[in-house]
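Read the figures in this text as sums done on the coordinates, not as results from a lab. On a predicted model such as this, the values are computed, not experimentally measured, just so you know. Counting neighbours? That spans all protein chains shown, and the Cβs are built from the backbone with ideal geometry, glycine included.
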Amino acid sequence: MTDYVSASGKKSGVTAYEIGKDFIKVEFNNSKIYTYRSSNNNKIMIEEMKSLALASEGLSTYIARNKLFLNFS
């Protein structure tokens, strides 16, 4: 997994991530790891999460705001 350090310097709820073709794994500061997978309903959201992770900006906030719409395991 790749360490996630917020570009703004603010403390983030996300500590690491791993990007795959149709998923993103996210490790939170409580050490829990969730895998978010693309489906017909949320493909755009997963791609947005990947972009936010690569930019080190806003991933934790995005997940918190959209958690009802994201599929995870």
With n ≥ 4 as the cut-off for DSSP H runs, can you work out [θ] at 222 nm for the chain, using -39500 (n - 2.57) per run divided by the number of residues, rounded to the nearest 500? -8500 deg cm²/dmol
Given an 8 Å cut-off on Cα distances and at least 6 residues of separation, report the relative contact order of the chain as a percent. 28
Please give the helix 43-55 orientation as an angle from the longest Cα principal axis of the chain, in degrees from 0 to 90, rounded to the nearest 10. 20
When only alpha-carbon atoms count, how far does the chain stretch along each of its three principal axes, as whole angstroms with the largest first? 34, 22, 20
Could you calculate the FRET efficiency of residue 51 with residue 28 from 1/(1 + (r/R0)^6), where r is the beta carbon distance between them and R0 is 30 Å, rounded to 0.05? 0.95
